[in-house]
Amino acid sequence: MSNLSQHWNRSKKRSPYILVDLSGDDPTRGDSRGFVGIANALGKILDYPVVTIDKNTIDALEQDGGEVSVEALESYIHSFGDPHIVFGKFTLGSKISQYCEIKPLQKIQGINEILSAQAKDHPLESILVSHHLTPELLREQGQLFRAAYPDIQGHLIAVMMTEYKQGLADALLLATKDIPKATFFLCGSKRTTPEFYYKMRDELHGKIDAQNLSGTVTVIGYDLNATRHNMRDNEQDFNPYAGLIDQADHIVVPNNSLSMFSEPLAAGKTIHIYAPPGSTMFRSKQGLLYSHGLARRFNATQNGAVLDTRQITPVNITGEVAESIAKSYKRLLNEKRIRTFFDACEHPVKHFRDLVP
């Protein structure tokens, strides 16, 4: 057997796959969901499996409450094959980047907004970000949402939260003054502290009582961070975020989250962007969504507090980002094959056709 054949057979023992390293990150973060979404789309393009390692994976590998060994973690990583592409933050919190000797062809890191630049031909690449939501996942989560919250009545209005937003309660109630029955669903995120969540909820309850609207307007919600710290008894352990996007009649998002701009648009729904008085966060970027008819301003004025959601062709940048990464990966893979060939073969010109048709 020639040197080339021996080397080529050894290199093919482990199949390539895509690894998403969330071992040092929060899986609910927008950047984390972006990594997962791009990796899944990339896996379909390349026909590679995708493996995600998060804190739960690390905990399962630990023995007797001790730290997971480097040997055990590397053995686990290579049990799936050879990680050619690795997504992750690669911070000190990552067990993989901190301890493991893996050398992928590509490392994909950085915040979601930077990765969006890969989709340079998309007209909204400067404001949309990648995520994990697909039509199939949205439908599945929508059914789970209805099962978890079967008693919702009237118009379902999703209120996506980052921090507490002054004036938002007034805008919401003004917008529903002509709706016979409405349910506000407050959906907290990683950035929503329990203090922010309950301040918003209590303010809404107070204004509803003051305006005698308790018979027509209901407030329910999910406080992600309080649930994690057992600070309240949420009715459900189920995280309703994706299902709420699927089921909501209207979606109100804050002006400081590109993920919350992007994810409802992937469900084929226009969004309502609320900005507190005086806030300029992402103002110019929002203008692109307004000019493309994908969003409307939402505020506590007679003209601004209008819920007008339209069905649109879903807008999702994730696939285009994955396509761009796939192209660069294929170039790197071809370069590696050529380098491998010249390193392994004593007579490269004679055997070049064995590797490159």
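Among the criteria (1) in contact with a Lys or Arg (Cβ under 9 Å, 6 or more places away or on another chain); (2) surrounded by fewer than 18 Cβ atoms within 10 Å (Cβ to Cβ); (3) free of Cβ contacts under 8 Å to residues at least 60 places away in the same chain, the one Met281 does not fulfil is (1).
Among residues of segment 59-90 being crowded, with 18+ Cβ neighbours inside 10 Å and at pLDDT below 85, the one that is farthest from the chain's Cα centre (by Cα) is Val68. Out of all the residues in segment 207-217, is one or more surrounded by 16 or more Cβ atoms within 10 Å (Cβ to Cβ), among the hydroxyl-bearing types (Ser, Thr, Tyr) and under 23 Å from Lys269 (Cβ atoms)? No, because not a single residue in segment 207-217 is surrounded by 16 or more Cβ atoms within 10 Å (Cβ to Cβ), among the hydroxyl-bearing types (Ser, Thr, Tyr) and under 23 Å from Lys269 (Cβ atoms). The strands (runs of 3 or more DSSP E) located wholly in segment 98-211 that include 1 or more residues which are of a type outside the set (Asp, Glu) and over 23 Å from the mean Cα position of the chain (by Cα) occupy 155-160, 182-187.
Just one residue in the set Leu73, Leu22 is under 29 Å from Arg191 (Cα atoms), touching a helix residue (DSSP H, G or I) at 6+ places or on another chain (Cβ under 9 Å) and touching a residue at least 24 places away in the same chain (Cβ under 8 Å); that residue is Leu22. Is it the case that some residue within segment 43-50 is in the same structural domain as Ile114 (by TED's automatic domain parsing), touching a residue at least 40 places away in the same chain (Cβ under 8 Å) and under 16 Å from the mean Cα position of the chain (by Cα)? No, every residue in segment 43-50 fails to be in the same structural domain as Ile114 (by TED's automatic domain parsing), touching a residue at least 40 places away in the same chain (Cβ under 8 Å) and under 16 Å from the mean Cα position of the chain (by Cα).
For segment 254-344, please list each of the helices (runs of 4 or more DSSP H) lying entirely inside it that holds at least 2 residues being under 30 Å from Leu46 (Cβ atoms). Reasoning before the result, please.
On the way: elements: 258-266, 283-291, 318-344.
In segment 254-344, 258-266, 318-344 are the helices (runs of 4 or more DSSP H) which contain 2 or more residues that are under 30 Å from Leu46 (Cβ atoms).
Any residue at all in segment 297-305 that's under 30 Å from Tyr164 (Cβ atoms), aliphatic (A, V, I, L, M) and modelled with pLDDT under 95? Yes, that holds for at least one residue.
Do we find that Ser15 is in contact with a Ser or Thr (Cβ under 7 Å, 6 or more places away or on another chain) and either at pLDDT 85 or above or within 17 Å of Phe87 (Cβ to Cβ) (or both) in this structure? No, not satisfied.
Report the residue count in segment 258-305 for those that are hydroxyl-bearing (Ser, Thr, Tyr) and closer than 18 Å to Pro240 by Cα.
From segment 258-305, those hydroxyl-bearing (Ser, Thr, Tyr) are 259, 262, 270, 274, 279-280, 284, 290-291, 301; that's our starting set.
Keeping just the survivors that are closer than 18 Å to Pro240 by Cα gives 259, 262.
Adding up the residues that qualify gives 2.
When you scan segment 266-283, how many residues do you find that are hydroxyl-bearing (Ser, Thr, Tyr) and more than 23 Å from the chain's Cα centre (by Cα)?
The number of residues fulfilling the criteria is 2.
If only one of Ile251, Ile220 is within 30 Å of Glu320 (Cβ to Cβ), under 28 Å from the mean Cα position of the chain (by Cα) and part of a strand (DSSP E or B), which one is it?
On the way: Ile220 fails: within 30 Å of Glu320 (Cβ to Cβ).
Unique residue meeting the criteria: Ile251.
The values are calculated or read from the model by the stated rules, or taken from the named source; none is laboratory data. Note that the coordinates shown come from a computational prediction; the quantities given were computed from them, not determined experimentally. When we count neighbours, we look across all protein chains shown, and the Cβ atoms used for this are built from the backbone with ideal geometry, even at glycine.
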